[in-house]
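Working notes, beginning with the structure itself.
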Amino acid sequence: MTIDLLPGRGVRLPAPLPELRFGLSEAAVRALLAPHGELLPGGVHPVFVCGSRWALAFRLPGVTVTLSSGGGDGSDSDVLEGIGVGRTPDDDRSACPVGYLGIDVFGWPAHELAEALRAEGLPVPDPEHGTLRHTHLYLHRSSARPARPAPGRKPRHEAPYYFDYVSLHRTAAEAAITTHPTGSATGPHDAAFLPRLELSARPAERPITEPVPKLGGEPCWLAEPSWPLSPDTGEPMVFIGQFPVPGAEERLAYLFLAEVDGVMGGLDPEAGDGVLLVQPGGRIPPFAVIGPPGTRGRTLWRRDGDAGPGGDEPRGHEPGGAGPRGHEPRGDEPRRKGTTPVEFRLDLLPLSAEAHRSMDQRAAFQRHLRGEGPEVPFPDGEHVFDHLGGLPSFPSGRAGLPPPWRYFFALSDAREDDDPYFLNFGYGVGFGFLSPDGLEGRFCWQAT
């Protein structure tokens, strides 16, 4: 039973409690915690935190967790910006470890903790007078704090001590890492959402039940479950993943694809074998066939015998060139072997300035080939295939959808034996699109 502080993201509570991410409203936090009342015997109750519009607290074994709006950077926002965890002296239960970058922040003497954090690449200062601060992280010894030396006297060497309170805040820079509508797109070749963010997949340590970006697992429905059926076979389609819809309201887009003998649907965005559903408040695409209540299909998988997700290298990057990973399509793909369901969390990460430049140059080059812009040099830099937002580029040079559809995200395929999951786009890339109001989706893929 461990509490994990996640820089830039929030806090992962012990299972089956949810992960609470920065940016959630008070109502959303309460809703996520409400089903777990038996694990929070003292309940979730409001508390006072200076400078916050709202703050909530609850107890876990040996510790008290405090969640608050606003943050250490002076933000006056109305969403979750600060997380604090403190030891509870009157609790006889064994205290939950509190982890940060895999280090138990309450389990090390203060100076050893500073050294352990430095070993993880953080330039933290030495603890001073019972505290340690580093940008968004604050550690505090709330009792028996070392005394300051009297004026004119040399300080005595501090005896080893342990921290018993830690807080994590989302910085202003981290709060800015979210994609917003541009309001200027007129069609699928424009940048409808900025900034462009990488979709970085990492294996889920436990089933993800929160409305966060992910691949595989079970859909985290925000409204009535609506599982699409294959229009050809009538079988439930495969759940590929869920993606955050940019905008003021919390919405997710759920991707489902038909699959027969390792061949994925989605070549034609309106054939019904590739469906991108938006919730809540979204419209079911007119071509989608939705199964009866209780319908459930399979989820994303890896092929048995493939490398497990723990040992995979990062994917979705290409150091140069115009084709995804340099692969050519081939027609001798073997039938898939036995499969194992998998689940991955998708972190939204900023791209390097060079990657942005190169990807915008690729989009401008394709615009020129379509006769819609001036001539530009052929793109030769880094390309991050799995991403959300930004100016798009396509293997064919064209989106495959007319205006007013807006470009949403790109997701590369994964057909090799050492890929962390199986996704067949003919050695190509799949693309999600949204209607101008963000309530209806389309999906199609293109081979190179």
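The values are calculated or read from the model by the stated rules, or taken from the named source; none is laboratory data. Bear in mind the structure is a predicted one, so any value in this text is a computation, not a measurement. Cβ: placed from backbone, ideal geometry, glycine included. Neighbour counts: every protein chain shown. Areas reflect the complete protein model, heavy atoms only, side chains present, ligands, DNA and RNA absent. Shrake-Rupley method; radii C 1.70, N 1.55, O 1.52, S 1.80 Å.
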W227 accessible area, nearest 10 Å², 1.4 Å probe? 10 Å²
Scoring the chain by relative contact order with C-alpha pairs under 8 Å, at least six apart, yields a percentage of 14 percent
Can you tell which of F193, V44, P89 lies farthest toward the positive end of the dipole of the chain, using +1 and -1 charges on the Cβ of basic and acidic side chains (Lys, Arg; Asp, Glu)? P89
What accessible area per residue, rounded to a whole number of Å², is obtained for the chain using a probe radius of 1.4 Å? 45 Å²
Report the residues of the range 198-237 in range of a label on L39: point 7 Å along Cα→C-beta, backbone N strictly under 16 Å from it. 205-211
Name the longest site-free stretch of the chain, where the excluded sites are trypsin sites (Lys or Arg not before Pro) in a DSSP loop with no more than 14 other beta-carbon atoms within 10 Å. 157-282
Relative contact order (percent, whole number), the range 341-448, Cα cutoff 8 Å, 6+ residue spacing: 20 percent
Length released on extending from D261 to M1, taking residue separation times 0.36 nm less the Cα-Cα span: 89.5 nm
Can you give the extra length, in nm with one decimal, that the chain gains between S184 and A31 once fully stretched, where that is 0.36 nm per residue apart less the Cα-Cα distance? 51.6 nm
Give the share of C-alpha pairs in each 5 angstrom bin for the range 346-436, from 0 to the last occupied bin, in whole percents, shortest bins first. 3, 13, 20, 23, 21, 14, 4, 2, 0
I'd like the orientation of helix 110-119 relative to the chain: the angle between its Cα long axis and the longest Cα principal axis, in ° from 0 to 90, rounded to 10. 20 degrees
Provide the FRET efficiency to the nearest 0.05 for the R298-V47 pair, computing r from the beta carbons and using R0 = 45 Å. 0.55
Looking at the chain, identify the longest residue range that excludes and avoids all GluC sites (Glu not before Pro) in DSSP loops having at most 10 other Cβ atoms within 10 Å. 1-248
Here the gain from full extension of L439 to D418, 0.36 nm per residue of separation minus their alpha-carbon distance, amounts to 3.9 nm
